[in-house]
Amino acid sequence: MSAPEVRIDVVEDTVAGELLTVRKAAFVSEAQLYDDPHIPPLTQTLEELRADLADPAVITLGAWLGHRLVGSIRVGVEGAKATLGRLAVVPDLQGQGIGTQLLLAVPERLPADIAEVWVFTGRDSVQNLAMYAKHGYEHEYDQAAGDLTYAYLRKILGDDPEPQPDVRPVS
């Protein structure tokens, strides 16, 4: 099955309520995985989300299928570092490539001086970890926060290895 074609754009305050609903719906499965209904995406208020959307150091991208917001990703920018979080896709469309499209849309929307991108997810979120690894993020360390342990992964931008020539021994 091919990924649905979505439009990715910056999320504006006018759809803050819809974004909050998308995130809460998307993160229910994570809360169930960790048996923790108090993970930050589920406890964030509309006021906190609106403050986040207004923060100039934060870029929030959304994925739209027609007029429906179906996913989002939050990007915090600090110096030469960007930190991704809250990658969310509505439950009925998870596993269809929308999260990957959001992840791949981030670099082109970053300031030119960003040298590295970090992402964090729950250490037991196997699908998330696999997606990030597939796209060049390397597991750097784990950090406990209460009962939850986060895995932090990093990708250095502009440091793509040179393609290796296909060298085979002559027989």
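Quick note: the coordinates plus some simple rules give every number you see, no bench work behind them. The structure presented is a predicted model; accordingly, all values stated were derived computationally and were not measured. Every residue, glycine among them, receives a Cβ derived from its backbone with ideal geometry; neighbour counts consider all protein chains shown.
Scanning region 51-74 for residues that are among the hydroxyl-bearing types (Ser, Thr, Tyr) and in contact (Cβ under 8 Å) with a residue 60 or more places away in the chain yields a total of 1.
Checked across region 89-97, the condition of being of a type in the set (Val, Ile, Thr), surrounded by 14 or more Cβ atoms within 10 Å (Cβ to Cβ) and more than 23 Å from THR149 (Cα to Cα) holds for at least one residue.
Condition check for TRP118 on (1) surrounded by 16 or more Cβ atoms within 10 Å (Cβ to Cβ); (2) more than 9 Å from the chain's Cα centre (by Cα); (3) not charged (D, E, K, R); (4) not in a strand (DSSP E or B): one failure, at (4).
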